[in-house]
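Novice: I have a structure I would like to understand better, so I am pasting it below and will then ask my questions one at a time.
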Amino acid sequence: MGAFLPLILVGSLVVVFVIVLVFRARGAGSAGGIEDRLNELAALGQTATLEELELSQPFAQRVILPMIEGLSKMAQRFTPQNTLEQTRHQIELAGMSHKLKPSQMLGIRMAGGIGLGLLAAFVGFSAGLELYQRLLAPIIGLLMGYTFPGIWLGSKISARQKEVVKALPDALDLLTICVEAGLGFDAAMAKVAEKWDNELSLAFARAVQEMQLGKLRREALRDMANSMDVPDTTSFVAAIIQADTLGVSMAKVMRIQSDTMRMKRRQRAEEKARQAPVKMMIPLVFFIFPTILIVLLGPAFIQIRDVGSS
């Protein structure tokens with residue numbers, strides 16, 4: 001396994017690099033970027049052919065992005081619909097539905113698997129490994145290249161959910177203040193989306209836009225909760241929908257929810273504080289205590305050695 005550690009590290013870096021290139025190419029390939037280049041050439045009084053315009057684009061946009069698009073179409077053709085739906089939901093949970101399509105994510109996974117599989121096969125045959133290692137290296141590269149984008153997407157989901165959990169109590173406090181001041185619930189959500197710039201405020205803004213376009217409030221709130229998959233948000237949305245259905249005072253429900261979220265945040269802080277001593281034991285035992293013993297007992301061992309040798 002030690003022979004494959006450099007391959008795993010290099011493969012991980014390659015997959016991350018490809019993902020970054022894809023997103024940069026998608027941003028650079030927008031209509032605004034092409035129009036800007038055409039306007040610059042027009043201001044200079046120059047005319048560019050289609051070939052010159054293509055060659056002026058970055059390598060990732062000319063080569064990597066079309067390759068990913070081709071693999072995406074192939075993946076969409078042969079992938080079951082439920083797998084595409086699960087991928088779409090994961091992309092939505094990561095807050096990247098406006099940047100990435102399910103077929104493109106599958107295309108990135110296929111490109112990573114094929115690319116790292118070929119790289120592993122080349123490294124295995126050129127490094128003079130044994131036969132079973134040469135056969136095993138492409139399989140490891142293929143699996144790693146296919147699974148690493150999924151791991152990266154999972155980390156994005158986890159980071160977004162943590163950000164939502166952290167911002168929810170303060171958002172509910174502001175919602176409560178706005179509702180008690182006389183604003184409607186929709187206007188209060190719009191105010192929160194206007195004041196902050198985080199994942200929760202973006203979700204609020206999307207729900208408000210959907211309600212303005214004619215979507216029912218309960219459906220927009222349910223879709224917002226499903227797009228985050230955070231238990232606190234789900235319970236908050238359920239309470240709001242129930243209050244709206246039964247005609248209960250929205251300000252009173254918001255006050256109860258705000259107090260509950262603050263209590264949960266305090267309990268999470270206390271839980272992390274109790275976990276801190278246990279987490280500190282590993283670095284203390286393996287890194288700090290041996291260093292202290294070397295500093296304290298090192299001179300004594302040197303003196304004992306000198307006395308024994310004299």
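Throughout, read-outs are computed from the coordinates displayed, never taken from laboratory work. The structure displayed is predicted, hence computed values, not measured ones. When we count neighbours, we look across all protein chains shown, and the Cβ atoms used for this are built from the backbone with ideal geometry, even at glycine.
Novice: Please give me the summed charge of the neighbours of residue 185: other residues whose Cβ is under 10 Å from its Cβ, Lys and Arg +1, Asp and Glu -1.
Specialist: -1
Novice: Net charge around residue 217, counting only other residues with Cβ within less than 9 Å of its Cβ (Lys, Arg = +1; Asp, Glu = -1)?
Specialist: -1
Novice: Are any of the pairs 195/264; 156/195; 191/272; 73/166; 73/195; 73/156 more than 30 Å apart by Cα-Cα distance, and if so, which?
Specialist: Checking Cα-Cα distances, 191/272; 73/166; 73/195 exceed 30 Å.
Novice: Can I ask one more? Between the range 278-299 and the range 182-229, what is the separation of their alpha carbon centroids in Å?
Specialist: Measuring centre to centre over Cα atoms gives 51 Å.
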